Amino acid sequence: MARVLALLGLVGLGGCGNPCQNVCGPMADYARECGLTVTAGDIKQCKDANMGEITDEQASVCQEFSDPAKLREWWTCDDVAENMTGAQ
């Protein structure tokens, strides 16, 4: 979760919510493809962490990362493990 929050903090994640919350679904799918177990609680924690007002710049970055291909381009399975499930 730390990198997700740091990424969103530095630059400003389908479903209801702001664009940063919408990245949580594709990130969970990617995590599962990496062989990780992602719970509903993990997704809720991701969405809760990205709740609230965001800037236009943050929205733009999050919209880009809602594309599964972009997630795979920028993040490894280790990154997703650390961010989606809190694994170290």
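Just so you know, all these numbers are worked out from the coordinates, no wet-lab data involved. Everything quoted here is computed from the prediction, not taken from an experiment.
Between residue 37 and residue 53, 0.36 nm times their residue separation minus their Cα-Cα distance comes to what? Each step should come with its number before you reach the end.
Values: separation 16, 0.36 × 16 = 5.76 nm, distance 2.94 nm.
Additional length available on full extension: 2.8 nm.
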Quiz prompt | Shape call, segment 18-88: gyration tensor on alpha carbons, a/c limit 1.5 | solution = oblate
Self-check item: Per-residue HN-Hα couplings for segment 74-82 [Karplus 6.51, -1.76, 1.60; θ = phi - 60°; Hz; x = Gly/Pro]
Solution: 9, 10, 8, 4, 5, 4, 5, 4, 5
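What full-extension length gain, to one decimal in nm, is calculated for residue 60 and residue 74 as 0.36 nm per residue of separation minus the Cα-Cα distance? Could you put the intermediate results ahead of the total?
On the way: separation 14, 0.36 × 14 = 5.04 nm, distance 1.57 nm.
So the extension gain works out to 3.5 nm.
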